[in-house]
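Just below is one structure, and these are the notes that go with it.
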Amino acid sequence: MAAVGGGRTVSSAFAPIRLWLLLPSWLTIGFFLLIPVLLMLVYSFLTKEFRGGVIWEFSLAAYDQFLFDRGLFGDDPPTIQWTYITIFARSIIQATIATIMCLLIGFPTAWYIATRPASSRAVWLFLVTVPYWVNLLIRTVSMKFLIRENGPMNEALLGTGILDAPLQLINTDFAVQLGLFYSYLPFMVLPIYAAVERYNFALSEAAADLYASHWTIMRSIVLPVVKPGIIAGCILVFVPSLGAFLAPDLLGGAKNFMIGSLIEEQFKGQAGNWPFGAAASMILLSMVLVVLFFYARSQAREQV
Amino acid sequence: MTNQTPIAAVALRSVGKDFGDFTALKDVTFDIGDNEFFTLLGPSGCGKTTLLRMIAGFEATTAGTIHLFGDEIETLPPDKRPVNTVFQNYALFPHMNVAENIGFGLKMLGWSKADIDARVAEMIQMVQLGQFVHRKPSQMSGGQQQRVALARAMAPKPKVLLLDEPLSALDLKLRQEMRAELKSLQRETGITFIFVTHDQEEALSMSDRIAVMSAGEVQQIGTPEDVYEHPANRFVADFIGETNLLEAEAGTVDGQSVMCQFGGSSISATTTGAVAPGQKGWLSIRPERLTIGTALGEGSIPARIGQTVYLGTDTQVMAHLEGGATLGARMQNTLAGADRLTEGADIHLTVAPGAARFLVE
């Protein structure tokens with residue numbers, strides 16, 4: 001599909017200069033992006049130092065701790081350690097639900113904006129991004145304030161008599177999902193907007209002309225054609241949601257712990273465990289890479 | 001070829017369309033016969049595409065009725081009208097291959113898999129795309145995409161096929177080939193074609209009848225010969241083919257024949273409407289109906305040759321009349337005789353009988 005940037009051939013006449021123009025990007029990405037990740041990979045195989053930091057000694061302890069429970073003194077027969085796997089599973093579920101919420105709200109939003117007259121689209125896009133000029137922490141705290149038990153939302157609901165008892169939103173899974181949804185909605189709206197804006201509405205007319213109903217046009221013409229935008233949006237929401245720690249911390253409370261918070265804790269203060277945090281990060285990264293790999297492969301197959 | 005079938009394929013009655021303050025179509029009323037190759041011809045913005053889109057159901061009418069073989073359709077949505085459209089830029093579904101594109105309408109109509117396969121194979125045969133069945137539209141040339149669009153629109157056996165400038169995106173050679181192909185397809189299938197174009201050559205070469213449109217109104221409806229030989233007004237004479245348009249005044253009127261005065265010369269012309277002596281109007285003379293001779297003859301006008309332009313099959317000659325008017329003439333290039341057309345030479349122009357036409361508006 002043309003929307004996903006396929007390989008483009010650039011005239012070989014530009015080859016020498018291209019090398020020099022790309023060099024800064026290669027260096028920056030290589031140095032500041034790849035090396036820190038490699039560093040984490042190395043740290044995850046080192047031995048933990050008790051006051052934070054590491055001892056340069058190879059160890060699988062971090063991964064072992066993540067996966068197995070060997071008892072208090074480390075000599076019991078190992079059993080599967082469910083604590084961290086549960087946190088991971090919960091994170092995946094939370095991120096998935098947040099992504100679906102973003103998609104359900106973001107798609108109609110993007111559709112609406114993309115079908116406005118060209119002159120007003122920029123205004124709508126700007127309005128969608130306005131809240132994101134405010135720091136994420138502030139926004140998450142505001143969300144907490146809004147939905148807490150005696151916050152403005154519950155007061156309004158009680159005051160108008162819609163509810164008799166306050167809604168218990170704070171410290172629930174749903175609060176976390178809501179927080180993630182709010183944090184990353186524009187990442188869903190923008191790529192879908194870009195795809196819908198490029199969509200040729202003559203295709204919808206052609207489908208209607210060929211006896212397709214509104215619903216069928218949406219399902220078998222529009223969605224497949226704008227799919228690259230939808231998938232890009234889902235990835236852009238899902239990946240940061242998976243590793244988020246602000247929304248789970250502030251809105252979810254202690255029992256709705258997610259990977260992000262788990263990792264954050266390992267690097268905070270003296271109680272941390274750097275190799276364990278690094279290992280958890282590596283496991284998270286591998287999971288994301290596996291998902292992206294399968295997606296890329298299915299896209300490549302579709303191109304043929 | 002006018003058709004005598006009692007029920008028209010498409011019957012338009014006082015059809016109008018306003019976009020806000022802008023009137024795109026005004027009081028359009030005519031019938032399109034069954035099996036007819038009917039063309040809507042006009043410059044861009046004349047309302048021809050709007051009219052086609054109203055028949056297809058993409059635009060709502062603001063006035064009037066549209067009947068399709070006797071059934072009133074102007075309030076039906078496009079998916080409930082038994083007509084199909086070939087779009088200007090084809091609008092092929094990019095994520096479907098050729099066979100899926102062609103079979104889409106049949107699938108929507110609820111045909112069985114076996115029937116769809118058979119019909120798609122038949123269509124692919126018809127447009128000669130056998131080796132491309134599994135290609136996506138992006139992997140095909142413009143001409144091939146055009147054939148897929150045609151096959152896709154014809155697969156559901158529409159009662160009327162609507163074609164919205166389908167050849168405009170093709171290059172000249174391919175366009176000429178496709179003209180002949182479209183015409184024979186229409187003959188073979190017997191489906192009524194409504195063809196929209198701004199290209200008068202296309203309209204003349206393919207149509208049974210042409211509706212010439214301008215500024216939201218139908219100017220003239222007739223066979224290609226009708227609109228070319230007997231244009232109803234100045235716009236039609238000017239838009240279809242090349243012509244010399246000269247301001248003229250009617251002299252003596254004798255039935256269909258009128259003596260016209262223009263720029264100090266006078267000539268006998270035909271007319272259709274009622275013309276009174278002294279009425280002002282336009283004289284239209286096709287350049288190829290003028291002959292250049294050396295001797296004074298019956299009805300010939302003395303002139304002097306001005307600029308000449310060599311155009312391959314013929315030569316365009318500007319002839320200056322004694323009265324000051326200038327007429328363009330076209331002479332077919334033969335091996336002998338081209339040397340006569342030297343600039344400044346004195347000649348005599350002869351207008352073929354019935355070739356000059358006096359137009360009131």
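The values are calculated or read from the model by the stated rules, or taken from the named source; none is laboratory data. Since we're looking at a predicted model, the values are computed, not measured. Here the Cβ positions follow ideal geometry from the backbone for every residue, glycine too, while neighbour counts run over all protein chains shown. Remember, those area values only see protein heavy atoms, side chains included, never the ligands or the DNA or RNA. Shrake-Rupley method; radii C 1.70, N 1.55, O 1.52, S 1.80 Å.
Out of curiosity, is B:Gly45 modelled with pLDDT under 90 and open to solvent by 10 Å² or more (accessible area, probe 1.4 Å)? Write out each step before concluding.
On the way: modelled with pLDDT under 90: yes; open to solvent by 10 Å² or more (accessible area, probe 1.4 Å): yes.
Taking the combined requirement at face value, the residue satisfies it.
Only one of the listed residues (A:Leu60, A:Leu38, A:Leu34) is hydrophobic (A, V, I, L, M, F, W, C) and either closer than 15 Å to A:Asn273 by Cβ or touching a helix residue (DSSP H, G or I) at 6+ places or on another chain (Cβ under 8 Å) (or both). That residue is A:Leu60.
Of all residues in segment A:132-148, those being in a loop (DSSP other than H, G, I, E, B) and either touching a Leu at 6+ places or on another chain (Cβ under 8 Å) or buried (at least 17 other Cβ atoms within 10 Å of the Cβ) (or both) number 1. In this structure, B:Thr315 qualifies as modelled with pLDDT of 80 or more, of a type outside the set (Asp, Glu) and not in a helix (DSSP H, G or I). Within segment B:109-120, residues that are within 15 Å of A:Tyr211 (Cβ to Cβ) and touching a residue at least 24 places away in the same chain (Cβ under 8 Å) sit with their Cβ atoms under 6 Å from residues that are in a helix (DSSP H, G or I) and hydrophobic (A, V, I, L, M, F, W, C), at 6+ positions apart or across chains, in these pairs: B:Arg119/B:Leu106. Only residues that are more than 14 Å from chain A (Cβ to nearest Cβ) and within 20 Å of the chain's Cα centre (by Cα) were counted across segment B:51-99, and they come to 1.
Scanning segment A:152-205 for residues that are in a helix (DSSP H, G or I), within 14 Å of chain B (Cβ to nearest Cβ) and either farther than 30 Å from B:Lys107 by Cβ or touching a residue at least 12 places away in the same chain (Cβ under 8 Å) (or both) returns A:Ala195, A:Arg198, A:Leu203, A:Ser204.
The single condition among (1) open to solvent by less than 40 Å² (accessible area, probe 1.4 Å); (2) in contact (Cβ under 8 Å) with a residue 60 or more places away in the chain; (3) assigned to a helix (DSSP H, G or I) that A:Ile235 does not meet is (1). Exactly one residue out of A:Thr109, A:Thr129 is open to solvent by 40 Å² or more (accessible area, probe 1.4 Å) and modelled with pLDDT of 85 or more: that is A:Thr109. For the residues B:Leu359, B:Leu349, the requirement of being more than 25 Å from the chain's Cα centre (by Cα) and crowded, with 16+ Cβ neighbours inside 10 Å singles out B:Leu349.
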